[in-house]
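These notes are about the structure you will find just below.
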Amino acid sequence: MFAVVWHWWLGFFLAIGGVLGVVGLVVGYLAKVQNPRYPRKP
């Protein structure tokens, strides 16, 4: 029983980490690549 609960929590945190990693990659791409193309107007 403990192994089932442990694996569920381990999978939960790994999934959250994966989602945050993908979001971080997208935000980093937009910040580094797209921002210089379209600079903010004062």
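Taken together, the values in this text are just the output of simple stated rules run on the coordinates, not laboratory data. Quantities reported herein were computed from a predicted structural model and do not represent experimental measurements. Note that each Cβ is placed from the backbone with ideal geometry, even for glycine, and that neighbours are counted across all protein chains shown.
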Relative to the longest principal axis of the C-alpha atoms of the chain, give the angle of the C-alpha long axis of helix 2-29, reported between 0 and 90° and rounded to the nearest 10°. 10 degrees
Regarding the chain, what are the three Cα extents along the principal axes, ordered largest first, in Å? 60, 16, 6
Rounded to the nearest 500 deg cm²/dmol, what is the calculated helix-only ellipticity per residue at 222 nm for the chain, with -39500 (n - 2.57) per DSSP H run of length n ≥ 4? -24000 deg cm²/dmol
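What FRET efficiency comes out for Val5 versus Val26 if R0 is 30 angstrom and r is the Cβ-Cβ distance? Round to the nearest 0.05. Display every interim value, and only then the final one.
Numbers: r = 32 Å, r/R0 = 1.08.
Once the sixth-power term is evaluated, E becomes 0.40.
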